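Participant: So that we are looking at the same thing, I have put the structure below in structure tokens.
Read-outs throughout are calculated quantities, based only on the coordinates presented, and are distinct from any laboratory measurement. Quantities reported herein were computed from a predicted structural model and do not represent experimental measurements. Glycine gets a Cβ as well: all are built from the backbone with ideal geometry, and neighbour counts include every protein chain shown.
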Amino acid sequence: MKSIKNISFSGKKVFIRVDFNVPFSSSGKISDNSRIVAALPTIKYILSKNGSCILASHLGRPNGKTTELSLKKLVPELERLLDQNVSFVEDCVGEKTEKICSKLDPGQVVLLENLRFYNEETKADYKFAKNLSKLSDIYVNDAYGTTHREHASTATIAQFFTDKCPGLLLEKEINSLKKLMDNPEKPVTAIIGGAKVSSKISVISNMLDVVDNLLIGGGMAYTFIKKKGGSIGDSIFEEERLKDCGKILDVAKTKKVNIFLPSDVIASNKFSNTGTKKVLNIQEIPLGWQGLDIGPDTIDKFKKVIQKSKTILWNGPMGVFEMSSFDKGTHAIAKAVAESTRNGAFSLIGGGDSVAAIKKFNLQDQVSFISTGGGAMLEGLEGKTLPGIKALSE
Ligand code: AMP
């Protein structure tokens with residue numbers, strides 16, 4: 001795979017697949033611009049090398065063309081962040097689009113209309129991808145969040161270019177995952193939490209080949225505890241995953257991976273901030289009570305493992321961190337990961353809610369890397385080859 005640093009952009013038109021799928025508030029304003037901000041280093045780098053940028057993204061899941069999901073709405077924010085003029089192109093393919101792109105001068109930026117206004121995009125259509133490729137000399141993919149999708153602009157398009165590479169953001173994502181998966185500094189610890197074990201069975205199974213320690217918290221811990229014969233009261237659990245949990249415990253033993261399950265929990269008689277709370281042994285939760293956070297003994301135990309780790313992956317909260325009554329476990333783990341990072345460990349945080357959690361506790365600058373891809377990150381941890389990354393190497 002080529003690196004962005006080894007490609008000459010001078011005088012070239014560059015198609016950059018970005019992930020500008022940003023959320024909007026009810027008044028129509030961008031409520032979180034971090035995806036745009038994340039793409040800026042690549043755009044600025046190419047401009048600084050005298051290239052011109054043709055930015056392409058999807059926005060939402062349109063069914064045909066709608067003004068509501070037009071990327072035109074992003075232009076003012078993009079202009080503000082780049083501090084330069086950005087022209088909007090009303091389509092992403094076709095003669096008119098080709099003409100506009102062919103006239104681009106070095107240093108200019110255009111934003112194409114929503115790629116998903118064409119069904120061909122998600123169908124990975126060959127002809128549509130070929131038409132997109134006609135707009136530029138070089139292809140750069142910086143949209144990590146969609147690299148697990150085999151779409152026209154994320155995968156099919158790459159075959160039409162000799163000069164293609166990941167953008168600076170995607171390169172960082174690839175390298176961070178590599179740092180964890182290939183030859184990580186030991187001991188390696190994965191902290192896995194979140195609501196459901198079913199969504200992470202494949203991740204956990206694959207991580208058993210990588211880690212020395214596996215800390216399991218959050219709602220998913222209760223299916224393991226039930227498998228081990230504990231009474232979990234009304235805590236969340238998945239009957240149909242009992243067998244998988246048993247298998248994970250057995251395989252971990254053969255592979256000599258230490259699995260740490262919670263020993264105590266903060267339980268409540270209500271799934272709300274206003275119920276009665278008590279600390280209970282996780283094996284002895286009575287009916288009418290549910291475990292909603294890890295307890296103080298578990299925090300201590302988990303912290304000790306994290307403090308000794310040299311490589312750390314964290315995916316999924318330890319409890320219902322959105323409620324202040326049940327956020328202490330997740331907060332303590334976030335602080336332990338930050339402390340370990342300060343002491344030299346490499347920490348990778350990814351997959352949806354653990355990212356939201358680390359931001360809630362304002363520790364996002366104290367870990368090594370926060371992945372921008374939810375589904376893509378999970379598939380990477382499952383050991384799958386992502387189509388968007390594979391396409392750049394072919
Ligand atoms: P996931 O998307 O699978 O990572 O799950 C994240 C969600 O799991 C968060 O919204 C948490 O509130 C929820 N969660 C974590 N621990 C528990 C628990 N003990 N019981 C119910 N939900 C939980």
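Participant: Counting Lys and Arg as +1 and Asp and Glu as -1, each charge on the Cβ, what is the dipole of segment 174-381 about the Cα centre in debye, to the nearest 20?
Facilitator: In debye, rounded to 20, segment 174-381 gives about 380.
Participant: Roughly how far apart, in whole Å, are the Cα centres of segment 57-126 and segment 337-377?
Facilitator: Here the answer is 31 Å between Cα centres.
Participant: Here is a follow-up. Over the chain, what is the percentage of antiparallel beta bridges among all DSSP beta bridges, to the nearest 5?
Facilitator: Taking every DSSP beta bridge with both residues in the chain, the antiparallel ones total about 20 percent.
Participant: Can I ask one more? Tell me the relative contact order for the chain as a rounded percent, counting alpha carbon contacts under 8 Å between residues six or more apart.
Facilitator: 16 percent
Participant: While we're here: When you have a sec, figure out the Kirkwood radius of the chain from all distinct Cα pair distances and drop it here in Å to one decimal?
Facilitator: Over the chain, the inverse of the mean reciprocal pair distance is 22.5 Å.
Participant: 7 Å from Cα along Cα→Cβ at both Leu287 and Gln366: what's the point-to-point distance in nm?
Facilitator: 4.4 nm
Participant: Where the Cα atoms of segment 174-381 are projected onto their three principal axes, how long is each span, largest first, in whole Å?
Facilitator: 46, 38, 29
Participant: To continue, here is another question. When the Karplus curve 6.51 cos²θ - 1.76 cosθ + 1.60 is applied with θ = phi - 60°, which whole-Hz ³J(HN,Hα) does each residue of segment 254-266 get, with x for Gly and Pro?
Facilitator: Values, residue by residue: 5, 8, 6, 9, 7, 9, 10, 9, x, 9, 9, 9, 8 Hz.
Participant: Residue by residue through segment 133-145, which ³J(HN,Hα) values in whole Hz follow from phi under the Karplus form 6.51 cos²θ - 1.76 cosθ + 1.60 (θ = phi - 60°), with glycine and proline marked x?
Facilitator: Rounded to whole hertz, the list is 5, 5, 6, 9, 9, 10, 10, 10, 10, 10, 9, 4, x.
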